[in-house]
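Following: one structure in structure tokens, then a few remarks.
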Amino acid sequence: MPAPHSIIRAALLALAFSAVSPLSLADPPTEETLAGMTTQFNEWKKTAGETTDDAARAKADELLKGIAIADLNTAQLTQIATPLSASSHRAAVLTRLAALSGEKDLDGVRAAALAAELAAPDYPAPNSRAAVAARVMRHPSFGTFLGVENDAAPSFMWSVAEGVLENRALLEDLRPEIRTLNGILVEGASRDIVAASAAICRAMAEAGAPYAEDLINLRTRLTKLAYSGRESADEKTKVRWDRLINLLESRSMQGPIVGSQAAPLTIDWSSDEKIKSWDDLKGKVVVIDFWATWCPPCNASFPNVRKLTSHYEGYPVVVLGVTSLQGRHIGPDGPIDTKNDPDKERSLMPEFIKRKDLTWPIVFTSQPAHNTDYGVVGIPHVTIFDPEGKVRYNALSPFEPLEEKAAKIDGILREFKMPVPGA
């Protein structure tokens, strides 16, 4: 008869091999399984309405239960990036992506780019926003990544652009990597890549004299690429390249917009008879939201703009939606062609205002909604002016939380000794 301790040891070994953890030795998830997780999470968000971070985290964790993150490759992690970004597994994902980014091929740089997308702004090194972005831009396949047709590269470049526009410290942290763009960006670079790089130029222009040489070098390179891209483009895309060329050659690339006097805005049509010209706004804090009816993010931001308008009702603050003739209008039944018919396009706006419950004045200006004087690369784009007509904040998002935007506006009101809500 075997010794008791031998029996116990055999039992433990049997248990170890029979009760396999799903996180380690389970069959790898199929592509359909992973896609289903993202679909379920997105559907949950739609039906749940306004949710808390804790609720989103609980739902994401529930869907991801049993998934061995340490065994997934870049493509698989990309498939479930949406629930992962809300889950409690973010740190584990970044650790896995850091390992995958060690590969010198395109998969390696894609892993680094996904890490940049998932890293939170307040993460410490080595997963800080600057560290993960630098990891992408230093990757040996970064130039190839920018030249290959994909969604990840423009998304990454736009995230860098937004980051450096919001945070001067991030611009300085990434300065060595941004300098390398001159040599990495080659003929044939997509408009999205060039446009995002132009937004990085805007950040350098806003930073002023210390970045003057870097700005000139990158702007010169981007302008050359933009003219080259325009040559082979179809007529519709030529218009977009022209808009980008105008931006690269505009005053917004010459130096800081913040602190400068407002560039002229000629109002051709207004939903508010009290606002016929820029002079009618003097003496108030003005929040301009550049937008267009066809722009999905603009439409999605309307509830935020409505809250801001309500918050300052009765105070010396004007929230103003600024658009321009687009040649098309989105009506209740879809797109309406208004090309070469400005009166028709403007006449459709009152119905849109009523249907979308736009509680703030809307104007058409002679200047385009993609106003290069304010460095508007994409819409929506928010600029805040003080009562003297000087730009105090630029390139803000209407999705910025109300309390953050209100802090900016309230600061201006206090500076000019004007009433502040709740004071």
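The values are calculated or read from the model by the stated rules, or taken from the named source; none is laboratory data. Since this is a predicted model, take the numbers as computed values, not measurements. Every residue, glycine as well, gets a Cβ built from its backbone with ideal geometry; the counts of neighbours run over all protein chains shown. Calculation scope for accessible area: heavy atoms of the full protein, side chains included, ligands and nucleic acids excluded. Shrake-Rupley method; radii C 1.70, N 1.55, O 1.52, S 1.80 Å.
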*DSSP bridge pairs, the chain: antiparallel proportion in percent, nearest 5*: 65 percent
*Solvent-accessible heavy-atom area per residue, rounded to whole Å², over the chain at 1.4 Å*: 50 Å²
*asked:* If packing is taken as the average count of other Cβ atoms within 10 Å, what order do 190-199, 236-245 fall into, highest mean first?
replied: 190-199, 236-245
*Just checking the chain: which Cys have no other cysteine's beta-carbon under 4.7 Å?*
Cys201
*Report the one residue of Gly375, Met37, Val239 whose Cα lies farthest in the direction of the positive end of the charge dipole of the chain (charges on C-beta: Lys and Arg +1, Asp and Glu -1; origin at the Cα centre).*
Gly375
_DSSP loop GluC sites (Glu not before Pro) with at most 14 other Cβ within 10 Å: longest gap in the chain_ = 51-148
*If one takes the longest principal axis of the Cα atoms in the chain, at what angle in degrees, from 0 to 90 and to the nearest 10, does the Cα axis of helix 235-248 lie?*
80 degrees
_Under Karplus coefficients 6.51, -1.76 and 1.60, residue-wise ³J(HN,Hα) of the range 394-401 in Hz, glycine/proline x_ = 9, 6, 8, 9, x, 7, 4, x
*Would you mind checking the range 299-339 for residues with the amide N under 14 Å from a putative spin-label position 7 Å along Cα→C-beta of Gln261?*
none
*Calculated on alpha-carbon atoms, Rg and Dmax of the range 99-212 in Å*: 13.2, 39
_Compute the orientation-averaged projected area for the chain from the convex hull of its Cα atoms and round it to one decimal in nm²._
26.9 nm²
*Could you work out the mean projected area of the convex hull around the alpha carbons of the range 213-326, in square nanometres to one decimal?*
9.5 nm²
*asked:* At R0 = 60 Å, how high is the FRET efficiency between Lys282 and Asp71 if r is their beta carbon distance? Nearest 0.05 is fine.
replied: 0.45
*Heavy atoms only, probe 1.4 Å: what % of the accessible area of the range 67-131 goes to carbon and sulfur, would you let me know?*
54 percent
*Cα atoms only, the range 350-394: Rg and Dmax in Å?*
12.8, 34
*Of all accessible surface on the range 299-423 at a 1.4 Å probe, what whole percent is carbon and sulfur?*
51 percent
*For the Cα atoms of the chain, what angle does the longest principal axis make with the long axis of helix 53-64, in degrees from 0 to 90, nearest 10?*
40 degrees
*Using helices alone, what [θ] at 222 nm do you get for the chain, with -39,500 (n - 2.57) per DSSP H run of 4 or more residues, divided over all residues and rounded to the nearest 500?*
-16000 deg cm²/dmol
